[in-house]
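So the structure is just underneath, and the comments pick up after that.
FYI, it's all coordinate maths here, none of it is from the lab. Not measured: the values here are computed from a predicted model. Because the Cβ atoms are built from the backbone with ideal geometry, glycine has one as well, and the counts that use them run over all protein chains shown.
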Amino acid sequence: MSNAPVSEITTLSDQAIDWVIRLRAGNAGEQERRAVAEWQNRSPSHRRAFAEAEQLWLDMGEGWSVTDLPIPAQAMGRRYSRPVWRGLAAAAVALALVLPFSGLGDRWFSDYYTAVGEQKTVTLADGSQVLLNTDTALTVTYSDTGRKLILKHGQALFKVAADRKRPFEVATDTVVVKALGTVFEVLQQDHAARITVQEHAVGVKGLHAPDYPPDARIQEGQQAVYSAANGLQAAVAADPQQSAAWQRGKLVFKNQALADVVAELDRYFPGKTVISDAKLAALRVSGVFPLADRAATLAMLQQILAVKISQITPWLTVLHG
């Protein structure tokens, strides 16, 4: 058992995990290997932290059986057991490995993309404008007969330049949306897409459908979801303050479950936020949250709901009572 302060142990554990990730990524050079060897040789505590981080990596491939890891300082006094912290530590390492590479395939084969937390406005060849939200990838193909865009993942707002000879269509993995006017938004979800129309209207059809059904339209001020399983659901009135808030760098929630709020916020910040139990996840949240400041957002949640927040690593945050 180490006699070092918990804060020191936590710092060493985080650093050791970073070193293991860098070495296991497959592109570490001799300079990095010398640097990690020098880091380990600083003290027995450094060597112990690195050995534990390596063992954690190995155990992930064998049912996530994790060796004892130091408990983070901010977790001391919490009611979580050590096995729970082991699981959280393993999850943190997995997130650190997966998150930097998630969506890379879409990025490589896309014309435009944004990273997590990034927004970008692009002007297309015809003068149309697209505002890409966080973690979004888009391809564009223009021809003499049409303008076809593929939203590979994420969310985008389209301001369409008029061109009657070339229809403007946006496809996801489940649906194709055709502009019948000017401004609309598409959010790619799991095997579904949420479509919001700000101006005029859009036509909607299944990804492989030959034509647009005449009654499958979403009008200005409406929002609807299209899923592969259920087709186009009935359109509802969109709350412009809420649905367009992301375009102003904010998110607006009105009496929504904490689980849904956290899932939406996680789209804008690196890492993962975990809620400790179902009762807490069901708490209702209303408020306006800034997208540019994760710390401020978490502080607001803490104040609104009187929840406790533990930052396990830069990639894992836990909300608990």
Study note, to complete from the structure: Sorted on mean Cβ neighbours within 10 Å (highest first), peptides 203-215, 270-282, 148-160, 304-316 come out as 148-160, 304-316, 270-282, 203-215
Review point. All other residues with a Cβ under 12 Å from the Cβ of Q222 taken together, and with Lys, Arg as +1 and Asp, Glu as -1, what is their net charge?
Key: -2
Review point. Tell me, in nm to one decimal, what length is gained between D111 and D190 on full extension, where the rule is 0.36 nm per residue of separation less the Cα-Cα distance?
Key: 26.2 nm
Study note, to complete from the structure: Residue separation between K254 and S227 times 0.36 nm, minus their alpha-carbon distance, gives in nm 7.3 nm
Point to revise | Filter on K178/K250; K250/K308; K178/K272; K120/K279; K165/K254; K254/K308 - keep pairs with C-alpha separation over 32 Å | key: K178/K272; K120/K279; K165/K254
